[in-house]
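Working notes for the structure below.
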Amino acid sequence: MLNLPVPKAEYITVTTEPSGFQKEMVEELGERAESVRGGQVDPHIDNMLRITSDGRKLALDQRLQNPLLPDDPDSKVNACVKNIVQEWQASTEILGTQLVFCDLSTPKGDGSFNVYDDIKEKLIAKGIPEAEIAFIHDANTETQKAELFAKVRRGQVRVLIGSTAKMGAGTNVQNRIVASHDLDCPWRPADLEQRAGRSLRQGNMNASVKMFKYVTKGTFDAYNWGLVENKQKFIGQIMTSKSPARSAEDVDATALSYAEVKK
């Protein structure tokens with residue numbers, strides 16, 4: 001509203017086709033929702049929260065549902081890796097940096113499959129030095145965070161991966177950001193604002209920033225994005241006095257309803 005000079009956002013939506021397993025699992029999630037709604041299952045065994053969690057993981061990567069499944073070459077994780085490498089190569093001269101937001105499948109350090117390590121391994125295999133890739137989760141103290149952020153501002157770390165909670169407010173690394181990647185959909189419009197706010201702010205040397213959003217067709221992804229973006233538009237209308245409504249909640253929902261799952 002103050003019209004401060006910030007980079008222009010270039011929004012890019014990347015849609016990927018679901019694998020056969022993902023299609024089958026989405027149907028199974030619908031059947032589970034039917035059983036929950038009909039009271040045919042003990043809530044301690046299955047419920048809408050669990051179904052929603054499984055659906056969000058499934059949309060991110062099928063291996064989160066079954067680690068024995070193959071890596072789908074057409075998954076949105078692989079599409080993200082491809083775009084990160086392209087932007088890394090294109091911005092080498094200015095040491096351009098990128099942020100990757102993913103709230104699900106954060107690294108646990110127990111050897112189990114997670115999207116963070118998968119992305120890092122693929123980026124290294126495609127030529128990005130390991131020293132230029134970092135997880136926000138590796139910085140456990142304020143001192144470590146400050147050191148990490150300074151490296152990103154200098155272009156020493158060029159790909160920073162983290163969740164909205166850990167890489168949102170207080171993450172001042174905008175200096176060289178050329179692209180931001182939303183690998184999954186957060187629950188709240190405020191989270192989208194926080195993600196975008198890391199790049200689209202004063203102090204970024206670039207005139208524009210590519211804002212990638214990744215969606216797996218035929219999964220909970222598409223519905224989740226529509227849900228959050230509609231909330232964001234509604235809240236934006238109120239904040240700018242363009243709506244007659246007087247209030248709106250930035251609902252921190254954690255589960256879809258039966259009707260939403262069936263959509």
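The values are calculated or read from the model by the stated rules, or taken from the named source; none is laboratory data. This one's a predicted model, so the numbers in the text were calculated from it and none came from an experiment. Ideal geometry is used to build each Cβ from the backbone, glycine not excepted, and the neighbour counts take in all protein chains shown. All accessible areas refer to the heavy atoms of the entire protein, side chains included, with ligands and DNA or RNA removed. Shrake-Rupley method; radii C 1.70, N 1.55, O 1.52, S 1.80 Å.
Results, tabulated for the structure shown:
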{"quantity": "Gyration tensor verdict on segment 73-198 (Cα atoms; rounded if a/c is under 1.5, prolate if a/b is larger than b/c, oblate otherwise)", "calculated": "rounded"}
{"quantity": "Net charge of neighbours whose Cβ lies under 13 Å from the Cβ of Glu147, counting Lys and Arg as +1 and Asp and Glu as -1", "calculated": "+2"}
{"quantity": "Cα centre as origin, Lys/Arg/Asp/Glu Cβ charges: the chain dipole, Debye", "calculated": "1060 debye"}
{"quantity": "Spacing of the two label points (7 Å from each Cα toward its C-beta) at Glu17 and Ala169, in nm", "calculated": "4.4 nm"}
{"quantity": "Additional length obtainable on full extension of the chain from Gln86 to Ser112, 0.36 nm per residue less Cα span", "calculated": "6.5 nm"}
{"quantity": "GNM flexibility winner over the chain from Thr106, Thr13, Thr171 (Cα, springs under 10 Å)", "calculated": "Thr13"}
{"quantity": "In segment 110-192, the trypsin sites (Lys or Arg not before Pro) that fall in loop regions by DSSP, at most 16 other Cβ within 10 Å", "calculated": "Lys126"}
{"quantity": "The chain: angle of helix 142-154 to the longest principal axis, Cα-based, in degrees nearest 10", "calculated": "60 degrees"}
{"quantity": "Cα-based helix-to-principal-axis angle, 20-37 vs the chain, degrees rounded to 10", "calculated": "50 degrees"}
{"quantity": "With all protein chains modelled, accessible area of Cys102 [1.4 Å, Å²]", "calculated": "0 Å²"}
{"quantity": "Pairwise FRET efficiency - Glu10 versus Leu68, Cβ, R0 = 51 Å, nearest 0.05", "calculated": "0.85"}
{"quantity": "Helix 76-90 axis, angle to the chain major axis (alpha carbon atoms, nearest 10°)", "calculated": "10 degrees"}
{"quantity": "Alpha carbon centroid spacing (whole Å) that separates segment 123-177 from segment 1-71", "calculated": "27 Å"}
{"quantity": "1.4 Å probe accessible area per residue over the chain, in Å²", "calculated": "51 Å²"}
{"quantity": "Stokes-Einstein D for segment 69-116, Kirkwood Rh over Cα pairs, 4 °C, 1.567 mPa s (µm²/s)", "calculated": "102 µm²/s"}
{"quantity": "Spatially close lysines, pair count over segment 53-199: Cα under 13 Å, gap of eight or more or interchain", "calculated": "5"}
{"quantity": "Asp138 paired with Glu31, simple spin-label distance in nm, labels 7 Å along Cα-to-beta-carbon", "calculated": "4.3 nm"}
{"quantity": "Glu130 - accessible surface, heavy atoms, 1.4 Å probe, Å² rounded to 10", "calculated": "110 Å²"}
{"quantity": "Whole-Å semi-axes of the ellipsoid equivalent to the chain (Cα gyration tensor, √5λ, descending)", "calculated": "31, 24, 16"}
